[in-house]
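These notes are about the structure you will find just below.
The values are calculated or read from the model by the stated rules, or taken from the named source; none is laboratory data. Just so we're clear, the structure is a prediction, and the values are computed from it rather than from any experiment. Note that each Cβ is placed from the backbone with ideal geometry, even for glycine, and that neighbours are counted across all protein chains shown. With ligands, DNA and RNA removed, areas are computed over all heavy atoms of the protein, side chains included. Shrake-Rupley method; radii C 1.70, N 1.55, O 1.52, S 1.80 Å.
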Amino acid sequence: MQPENPEPYSTPAKASWPTTAIPGQPGAHLRAAQDGDVDPGHGGDTPAHGADEARTPSSLEGIPDAEPTLGSKLLDELRAQIAQFVIPPSPQALDAITLWVAATHLQPAWQHAPRLAVVGPAKRCGKSRLLDVLTETVHEPMLTVNTTPAAIFRSIDGDEPPTLLVDEADTIFGNPKMAEKNEETRGLLNAGHQRGRYVTRVVGNDHTPHKFATFAMAAIAGIGDLPDTIMDRSVVIRMRRRAEGEKVKPFRSRRDIPALHDLRDRIHTWARPLLEQAAILEPDMPVEDRAADTWEPLVIVADLAGGSWPRLARVACARMVAAEVAAEEEHPSGARILADIRRVFVAQREVDSLSTEDLLHQLRQDPEAPWAEWGRGGLSARELGRMLREFGIVSGNVRMADRTQRKGYMRNKFLDAWRRYCPTVHPVDTDPAPASGEG
């Protein structure tokens, strides 16, 4: 099946801002802006949108749409089909699910295989129903119910990987004992995020070492968050229970699966001729590092499809990644302790140091923080020290206002960690505070 209007795939990019997004030439309009082109809508002396501004969701909303193509129409149809059966937490989450499904049909093109983490706080949030729809629309679905890690990696074809579908992941990673028992499964899911990561096992009577591929896209659903290493490699969909008045269509296999299979096959027919093109594209991304690795296949699919999808993909990427960063800062075992200590120092007018006793007292005063109920009697000095050592911060002798010395923490020891792990909490000055007072 050929595209209905193939001409835009060979149309050269225009060199002005804003230009029309061009299917097959992802990010051309963004690159033109970053090269210093003038925005004609704001006068000849106004500089174009810079790279930093292009990373914000509000500026990404202004990306102009391209002409609709067969690819964009197929993505529109897929999004509408998914929305019949589940209610994702936001329009951006629905866009991300749609793009992730389409990306499974181009897996040989990707350097990274994004995970789709479908999580919710309780039962009946639509997680399993979403996996039902994914099973009928992704490329080569492989359900892994009670499947051993050995059986999984022996089922992965390095040239044409399946799409792994893992439901009820809380029965695998739900508590430390379960997680320890299933460490090999977690390792497999982590390794399979990047191409070229293999599992080596001996096979045959002569015990010949053999490398098994692990690279494959995976959707993983469960109650509560997945292990941090998996969440960090995932497009995270935080499902929630339907509110009163929110309606979905019941999923009926005999009625609904044929239509989903027909759509799946049409998406595959559209996508496969674009495999080589998808493999060489490097789109402009609104995020960096591992988040960019994870989201890049979805953005490439959007750029190949055209229409409104280049804009929708980048807005979804920026907003959903920002939401996960904020969630990480609120997690007690992550950067939450750093963020709350930052607020304490701000409230204390940026003093050079605080004793451990005073710092713990201030942390426990916040009624919305977990520290007053942490452990049996609230957060202890020993537990605080353990948490901060993970960030390279240790206590020492500090000089107090009354010129006595006590065990505590210097503010300047936190500056680097604040910049790295919780920059959104409060602006952090770049020059370390004087080190005077440290014993």
**OP:** Take the residues in the range 146-169 that are under 21 Å from Glu183 (Cβ atoms) and polar (S, T, N, Q), then tell me which one is least open to solvent (accessible area, probe 1.4 Å).
**Re:** Thr147
**OP:** Specify the residue that is most open to solvent (accessible area, probe 1.4 Å); the eligible residues are those in the range 369-399 that are part of a helix (DSSP H, G or I) and of a type in the set (Lys, Arg).
**Re:** Arg382
Original post:
Which number in (1) part of a helix (DSSP H, G or I); (2) under 27 Å from Arg311 (Cα atoms) marks the one condition that Arg129 misses?
Top reply: (2)
Subject >> Residue that is nearest to Asp157 (Cα to Cα), among those in the range 207-224 that are of a type outside the set (Ser, Thr, Tyr) and either surrounded by fewer than 19 Cβ atoms within 10 Å (Cβ to Cβ) or touching a His at 6+ places or on another chain (Cβ under 6 Å) (or both) >> reply: Phe212
Original post:
Considering Leu275, Leu281, which residue is of a type in the set (A, V, I, L, M, F, W, C), open to solvent by less than 80 Å² (accessible area, probe 1.4 Å) and within 18 Å of Thr163 (Cβ to Cβ)?
Top reply: Leu275
**OP:** Would you please list the contacts, defined by Cβ atoms under 7 Å and residues six or more apart or on different chains, that run from a residue in the range 141-157 that is in contact (Cβ under 8 Å) with a residue 60 or more places away in the chain and within 18 Å of Pro108 (Cβ to Cβ) to a residue that is part of a loop (DSSP other than H, G, I, E, B) and among the β-branched types (Val, Ile, Thr)?
**Re:** Phe153/Thr214; Ile156/Thr214
**OP:** Scan the range 74-85 and give yes if some residue there is open to solvent by 20 Å² or more (accessible area, probe 1.4 Å) and modelled with pLDDT under 65, otherwise no.
**Re:** no
Subject >> Evaluation of Leu360 against (1) within 28 Å of Asp228 (Cα to Cα); (2) at pLDDT below 90; (3) open to solvent by less than 70 Å² (accessible area, probe 1.4 Å) (one fails), failing number >> reply: (2)
Original post:
Among the residues of the range 181-193, is any over 20 Å from the mean Cα position of the chain (by Cα), surrounded by fewer than 11 Cβ atoms within 10 Å (Cβ to Cβ) and outside any loop (DSSP other than H, G, I, E, B)?
Top reply: no
Original post:
Across the range 286-319, what is the number of residues that are under 12 Å from Pro114 (Cβ atoms) and either hydrophobic (A, V, I, L, M, F, W, C) or surrounded by fewer than 19 Cβ atoms within 10 Å (Cβ to Cβ) (or both)?
Top reply: 9
Original post:
So is Pro88 of a type outside the set (A, V, I, L, M, F, W, C), over 17 Å from Ser308 (Cβ atoms), modelled with pLDDT of 50 or more and touching a Leu at 6+ places or on another chain (Cβ under 6 Å) or not?
Top reply: yes
**OP:** Please find, within the range 120-129, the residue that is surrounded by the fewest Cβ atoms within 10 Å (Cβ to Cβ) out of those that are within 14 Å of Pro250 (Cβ to Cβ) and not basic (Lys, Arg).
**Re:** Ser128
